[in-house]
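Once you've had a glance at the structure underneath, I'll fire off some questions.
The values are calculated or read from the model by the stated rules, or taken from the named source; none is laboratory data. Just so it is clear, the structure is predicted and the values come from calculations on it, not from any experiment. For neighbour counting, all protein chains shown are included, and Cβ atoms are generated from backbone atoms with ideal geometry for every residue, glycine included. For the accessible areas, the whole protein counts, side chains as well, though only heavy atoms, and no ligand, DNA or RNA atoms are used. Shrake-Rupley method; radii C 1.70, N 1.55, O 1.52, S 1.80 Å.
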Amino acid sequence: MCYNKNVKHAIHKCGGVYLIIRVKDFRKECRVTQDDLAKAVGVTRQTIISLENGKYCASLQLAHKLAKYFNVKIEDLFMFEEDE
């Protein structure tokens with residue numbers, strides 16, 4: 001596992017729930033390009049960019065592929081927090 005839990009991350013707000021997206025954290029820590037990650041999980045580079053910027057929510061299938069690629073749990077890449 002090659003990541004640092006203290007790196008900044010993207011946040012996507014949907015209603016009163018925040019989705020914290022840590023894909024960029026893992027990708028940078030592992031020194032993987034957006035293009036290489038996109039090819040490895042079968043999406044476009046633009047999809048990775050949108051995901052990392054919090055403008056796109058990954059499908060369960062994509063979340064699973066990303067977690068498998070980084071050898072972590074989906075919950076390590078995508079975390080939910082509710083508005084208080």
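Give the residue that is modelled with the lowest pLDDT, with candidates limited to residues of the range 29-40 that are surrounded by fewer than 17 Cβ atoms within 10 Å (Cβ to Cβ) and part of a helix (DSSP H, G or I).
Checked the range 29-40; the qualifying residue modelled with the lowest pLDDT is GLU29.
Just the residues that are open to solvent by 20 Å² or more (accessible area, probe 1.4 Å) and within 13 Å of the chain's Cα centre (by Cα), please, taken from the range 17-26.
Within the range 17-26, LYS24 is the sole residue that qualifies.
Scan the range 41-84 residue by residue and report those that are exposed (fewer than 14 other Cβ atoms within 10 Å of the Cβ), over 11 Å from the mean Cα position of the chain (by Cα) and part of a helix (DSSP H, G or I).
Those that are exposed (fewer than 14 other Cβ atoms within 10 Å of the Cβ), over 11 Å from the mean Cα position of the chain (by Cα) and part of a helix (DSSP H, G or I): GLN46, LEU60, GLN61, LYS68.
Right, another one. Of (1) more than 13 Å from the chain's Cα centre (by Cα); (2) part of a loop (DSSP other than H, G, I, E, B); (3) at pLDDT below 95, TYR3 satisfies all except one. Which?
Single failed check for TYR3: (1).
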